[in-house]
Amino acid sequence: MWGICSRTMGKMGMAMPCGWIKPCHLVKPVSATRVSGRYLSHQKGLPSLPIPPLQQTCERYLTALEPIVEADELKHTEQLVDEFQKPGGVGERLQRSLEKRAHNKENWLSEWWVQVAYLDYRLPVVVHSSPGLVLPRMNFHDKQGQMRFAAKLIAGVLDFKTMIDNETLPVEYLGGKPLCMNQYYEVLSSCRIPGVKRDAIVNHAKSSRPPKHITVVHNFQFFALDVYNSDGTALTADQLYSQLERICSSALQTDTEPIGILTTQHRDSWGKAYVNLMKDKTNKESLLAIQRSIFTVCLDGAMPRGSDDSYRSSAAVQMLHGGGSQWNSANRWFDKTLQFIIGEDGTCGANYEHAPAEGPPIVALIDHVVEYTNRKKPETVPTPMVPLPMPDRLHFNITPEIKKDIEEAKQSMNILAQDLDVRVMVFSHFGKNVPKTHKMSPDAFIQMALQLAYYRLYQRCCATYESASLRMFRLGRTDTIRSASSASAAFVKAFDDPSRQNTEKVDLMEKAVKAHRSYTTVAVSGQAIDRHLLGLKMQAVEEKLSIPEVFKDSAYAKALNYQLSTSQVPSKTDCVMCFGPVVTNGYGVCYNPMENHINFAVSSFNACKETNTAHLAKAVEGALTDMRTLLEQTPKAKL
Ligand code: COA
């Protein structure tokens, strides 16, 4: 994740150990045993991720530093870059090795990427890595409504799963080019496994006996619920409803040890606790049942709610971390790739573990589920009369040591919950329509508004991450669009300067938007700088060479210190994804531009005195409206 999708590399990039261990290929490409012709032939037709020319990346790197480092710092970096890329230098050697790697792999980056950006990342996945997704409030207000909706939602996910299983998912396109569909095969029946130093991912969809159950968690108690009849058909929503009723009535007591809270811990601590847990046979069986399950449904208890205005913000808290140990943070298994979260008050959303996939496939699945739950048509399939087995309660034997781990996890989760300030802002003045009218890319327009908002608050530009999809390439994940550019800096500096003419400001805005759009095109076609630089560094580690000076430079650290970590996650549903900042003094900003409005989720840490979520949200609103006003008050003809 940064920006999500590896916004964490801001930290990781600096902290990456020199003694890099060769990745153990835990995330395998889709195995040929499960998938047949259609999927494989689509995948085979996709191009491989290219390796950009060394000189191009070096030049673009220096250009990217211009708005975020001082002139003398940049001079020093220019010398390091010259040394790095000189003929016969270490840069050329690493480039050749990378090219060799690319020749031998389906994707030269993807295994490294999952390892570095996710599995080696040791901060809790909660807030620091796993995004939440807030859906519009649904029309139910009690437990019965909660179970009815959950039953429909499960049926909707199983409906989507049929398309995955039958390989009938429509291929997606970006800019007219077909996209890699692999991530869809990674999000169901998969789970992250904590390790003492490094995590892993397992995907049971690829096993010879793929799982037939989901996990349901209620009152911190876990259940395995079979969602297929013995004839292989999926349970109907009515059947699921009665099974959920059975679960809820057997999970009434509230004095259970909140085992799920362990998954909110720092990964090293959770890794150690996990080793202890697994020593017990019952625990092991329960953990395997959760890991193997297709997905998790969290039937949440009440949450503190404020006014209707702040509803979406409190729902974002619920989706991101559950509100702390006294609320719903333990009603989760945060290692599970996909968790659907349903409250009794109509709240609905999801949380997903980021290692296997980016937001867009998750949102596409959720769009389908929302559409499915809204279908008016009554079910035509008659519900079989065969009695269903009671869902299995998953038992845990809690030793005093595990009890201590749980207490520690509660404490750190509560500190994190207190620290995170997340707010959802619905910008209702306009959406994609206005930039389109002015012949500008809406995404670039929004990014320039973020630059302006940040500049207005801090009178400087900061390294900014925006996720760019690399799915045009086989097994592609993301690269970074560096939104702070020389053009954006010129625009934001001029915007509030009374000595500048409006025509000049519009001209600078157009140039900044164009520069952003053109970096986007560069990034989605695999020619951006960040993953290439990472690859060169990783290659040095792999070859046990000393890390080149260019990566030890303070400018490189600044370039990766993303004080604005941003991502567009569009959807059909009126929802918004949310995630935490990736540096202690930064912001996380996720947005969903709809035609006539834009949903934003902004976050920062309360412990940092320099940042303030409400101030940034307000500044973004102001920047967007001021940019439109400027465009409207400066007719094109006058330019
Ligand atoms: N004039 C008029 N319309 C324009 C325009 C212009 N100059 N430029 C773009 N548009 C239109 C597009 O045609 C498109 O139309 P649509 O709404 O009918 O689809 C729309 O505006 C949006 O285009 P744009 O705002 O430029 O963004 P995009 O859709 O190309 O997306 C990224 C840009 C970077 C978000 C996308 O390329 C990407 O990489 N997405 C994945 C990000 C990701 O993985 N996020 C999740 C991380 S977990």
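The values are calculated or read from the model by the stated rules, or taken from the named source; none is laboratory data. From a predicted model like this one, the values you see are computed outputs, not experimental measurements. We place every Cβ from the backbone using ideal geometry, glycine too, and count neighbours over all the protein chains shown. The area values use the complete protein model at the heavy-atom level, side chains included, leaving out ligands, DNA and RNA. Shrake-Rupley method; radii C 1.70, N 1.55, O 1.52, S 1.80 Å.
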Query raised in the report: Using only Cα atoms, what is the ratio of the radius of gyration of the range 132-421 to 2.2 N^0.38 Å?
Result: 0.97
Query - Extension gain (nm, one decimal) between Thr233 and Ser310, 0.36 nm per residue minus Cα-Cα - result: 23.6 nm
Query raised in the report: Under 19 Å Cα-Cα from Lys75, which aspartates and glutamates qualify once same-chain neighbours fewer than 8 residues away are excluded?
Result: Glu59, Glu66, Glu83, Glu549, Asp553
Query raised in the report: Looking only at the range 183-227, which residues have a backbone nitrogen under 17 Å from a spot 7 Å from the Cα of Thr399 in the C-beta direction?
Result: 196
**Report entry** Space enclosed by the convex hull of the alpha-carbon atoms of the range 310-399, per residue, Å³
**Finding:** 186
Query raised in the report: Where a Cα-Cα gap under 19 Å defines reach, which aspartates and glutamates qualify for Lys436, not counting those fewer than 8 residues away within the same chain?
Result: Asp507, Glu510, Glu595, Glu621, Asp626, Glu632
Report summary line: On the formula 1/(1 + (r/R0)^6), with r taken between the Cβ atoms of Thr629 and Glu408 and R0 of 51 Å, the FRET efficiency rounded to 0.05 is 0.45
Report task. Treating cross-link reach as a plain straight distance, find the lysines whose alpha-carbon is under 18 Å from the alpha-carbon of Lys609, omitting any fewer than eight places away in the same chain. Result -> Lys618
Query raised in the report: When only C-alpha pairs under 8 Å and at least 6 residues apart count, what is the relative contact order of the range 291-418, in percent?
Result: 25
Report summary line: XL table Lys439/Lys505; Lys100/Lys514; Lys44/Lys537; Cα-Cα > 24 Å flagged, in table order, is Lys100/Lys514; Lys44/Lys537
Query raised in the report: Using a simple spin-label model with points 7 Å from Cα along the Cα→Cβ vector, what separation in nm is obtained for Ser242 and Asp367?
Result: 3.6
Query raised in the report: Hey, with R₀ at 30 Å, roughly what FRET efficiency would Ser250 and Lys376 work out to, going by the Cβ-Cβ distance, to 0.05?
Result: 0.40
Query - Cβ-defined net charge surrounding Leu388, 14 Å radius [Lys, Arg +1; Asp, Glu -1] - result: -3
Report task. May I ask you to derive the FRET efficiency for Glu610 and Gln418 from their Cβ-Cβ distance with R0 = 22 Å, giving the value to the nearest 0.05? Result -> 0.75
**Report entry** Per-peptide average of other Cβ atoms within 10 Å, ordering 184-191, 549-556, 266-273 highest first
**Finding:** 184-191, 266-273, 549-556
Requested in this report: Report the accessible area of Asp497, computed with a 1.4 Å probe over the heavy atoms of all protein chains in place, in Å² rounded to the nearest 10.
Outcome: 40
Report task. Please give, to one decimal in nm, the separation of the simple spin-label points placed at Gln501 and Thr584, each 7 Å out from Cα toward the Cβ. Result -> 4.9
Report summary line: Relative contact order as a percentage, the chain, C-alpha pairs under 8 Å and 6+ apart, gives 22
Requested in this report: Restricting things to alpha carbons, find the Rg to Rh ratio for the chain using the Kirkwood radius for Rh.
Outcome: 0.97
Query - 1.4 Å probe accessible area per residue over the chain, in Å² - result: 39
Query raised in the report: Quick one: how many Å² of Asp308 are accessible to a 1.4 Å probe, rounded to 10?
Result: 130
Query raised in the report: How much length is gained on full extension from Lys44 to Lys514, taking 0.36 nm per residue of separation minus their Cα-Cα distance?
Result: 165.9 nm
Requested in this report: Holding the Cα-Cα limit at 20 Å, pick out from Lys206/Lys281; Lys272/Lys410; Lys212/Lys336; Lys105/Lys336; Lys284/Lys410 the pairs that are longer than that.
Outcome: Lys206/Lys281; Lys105/Lys336; Lys284/Lys410
